[in-house]
1. Filtering region 4-60 down to residues that are basic (Lys, Arg) and at pLDDT below 85, which residue is farthest from residue 119 (Cα to Cα)?
2. If a residue has to be within 18 Å of residue 143 (Cα to Cα) and surrounded by fewer than 15 Cβ atoms within 10 Å (Cβ to Cβ) to count, how many in region 115-125 make the cut?
3. Check off (1) under 16 Å from the mean Cα position of the chain (by Cα); (2) at pLDDT 85 or above; (3) more than 23 Å from residue 54 (Cα to Cα) for residue 122 and give me the number that stays unchecked.
4. Does residue 69 satisfy the condition of being modelled with pLDDT of 85 or more, surrounded by fewer than 19 Cβ atoms within 10 Å (Cβ to Cβ) and outside any loop (DSSP other than H, G, I, E, B)?
5. In region 24-66, how many residues are in a strand (DSSP E or B) and either within 12 Å of the chain's Cα centre (by Cα) or among the β-branched types (Val, Ile, Thr) (or both)?
6. Being at pLDDT 90 or above, more than 26 Å from residue 55 (Cα to Cα) and either out of contact with any Phe, Trp or Tyr (no Cβ under 6 Å at 6 or more places or on another chain) or of a type in the set (A, V, I, L, M, F, W, C) (or both) is the requirement here; does residue 138 meet it?
7. Can you name the residue in region 72-92 that is in a strand (DSSP E or B) and within 16 Å of the chain's Cα centre (by Cα) and is also farthest from residue 53 (Cα to Cα) among such residues?
8. Looking at (1) under 12 Å from the mean Cα position of the chain (by Cα); (2) at pLDDT 85 or above; (3) crowded, with 20+ Cβ neighbours inside 10 Å, which is the one condition that is false for residue 166?
Amino acid sequence: MKGAMTLRSQTHKVTPPGTFLQIVVVGYGPYCLGLPADTIRGIKQPEEMDADGSVTLLGNTYSRIDLPQEFGLTRHPTTSEARVILCGRGSVCIAIGVDRVFGLQELDSQALRPLPPHFRGSERDWFAGLFRFQQQVALSINPDWLLQDERASRPLSVTGENRLSPAEVSQNSSQAAGQGRG
């Protein structure tokens, strides 16, 4: 049956055209990630972290999570551009180390594209979508996944489930975008 809909299709929020999203674009290795600006409470230098890896700001303690480990990325040496992004919502406060902060990006809501349907693993939870940033594909982090209540109380770990790393998501998304041209 041609054009049949299934219950397994991805759902995403429909935002009216002309609506802009504010995203802070950060880099980790060769990857660009977008964090919703309304979840960011501060940006610190790595040396401002406590001995246990946490950061305290305005009476709130931000527990460090290892986001690159969750995505299966290898560690990079700390550079002078490295920063710690403090994210929070409600009582959940987390600190994420990144290699660099590119800055605030105003993104037309229509420019945030859903992940292509062939992505079926955990990356569907991790990422809200993808967008173009400086001639490459950037992945927008899903704030609901990032700021889960239990995330602030435990370090992240890599699981053995079937999933794609940001490298694979970025590569496959670029290929899918190239197939749409023509």
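The values are calculated or read from the model by the stated rules, or taken from the named source; none is laboratory data. No experiment lies behind these values; they were computed from the predicted model shown. Please note: Cβ atoms are built from the backbone with ideal geometry, for glycine as well, and neighbour counts cover all protein chains shown.
1. Just the residues of region 4-60 that are basic (Lys, Arg), to begin with: 8, 13, 41, 44.
Still in the running and at pLDDT below 85: 8, 13.
On the way: 8: 12, 13: 18 Å.
This residue is 13.
2. Restricting attention to region 115-125, the residues satisfying the condition of being within 18 Å of residue 143 (Cα to Cα) are 115, 121-125.
Okay, now just the ones that are also surrounded by fewer than 15 Cβ atoms within 10 Å (Cβ to Cβ), so 121, 125.
Residues flagged as within 18 Å of residue 143 (Cα to Cα) and surrounded by fewer than 15 Cβ atoms within 10 Å (Cβ to Cβ) within region 115-125 amount to 2.
3. (2)
4. Working: modelled with pLDDT of 85 or more: no; surrounded by fewer than 19 Cβ atoms within 10 Å (Cβ to Cβ): yes; outside any loop (DSSP other than H, G, I, E, B): yes.
Against the criterion (modelled with pLDDT of 85 or more, surrounded by fewer than 19 Cβ atoms within 10 Å (Cβ to Cβ) and outside any loop (DSSP other than H, G, I, E, B)), residue 69 does not qualify.
5. Final tally of qualifying residues: 17.
6. Details: at pLDDT 90 or above: yes; more than 26 Å from residue 55 (Cα to Cα): yes; either out of contact with any Phe, Trp or Tyr (no Cβ under 6 Å at 6 or more places or on another chain) or of a type in the set (A, V, I, L, M, F, W, C) (or both): yes.
For residue 138, the condition - at pLDDT 90 or above, more than 26 Å from residue 55 (Cα to Cα) and either out of contact with any Phe, Trp or Tyr (no Cβ under 6 Å at 6 or more places or on another chain) or of a type in the set (A, V, I, L, M, F, W, C) (or both) - is met.
7. Here is the first cut: in region 72-92, the residues in a strand (DSSP E or B) are 83-89, 92.
From what's left, within 16 Å of the chain's Cα centre (by Cα): 83-89.
On the way: 83: 13, 84: 10, 85: 13, 86: 12, 87: 15, 88: 16, 89: 20 Å.
Among them, the one singled out is 89.
8. Status for residue 166: all satisfied but (2).
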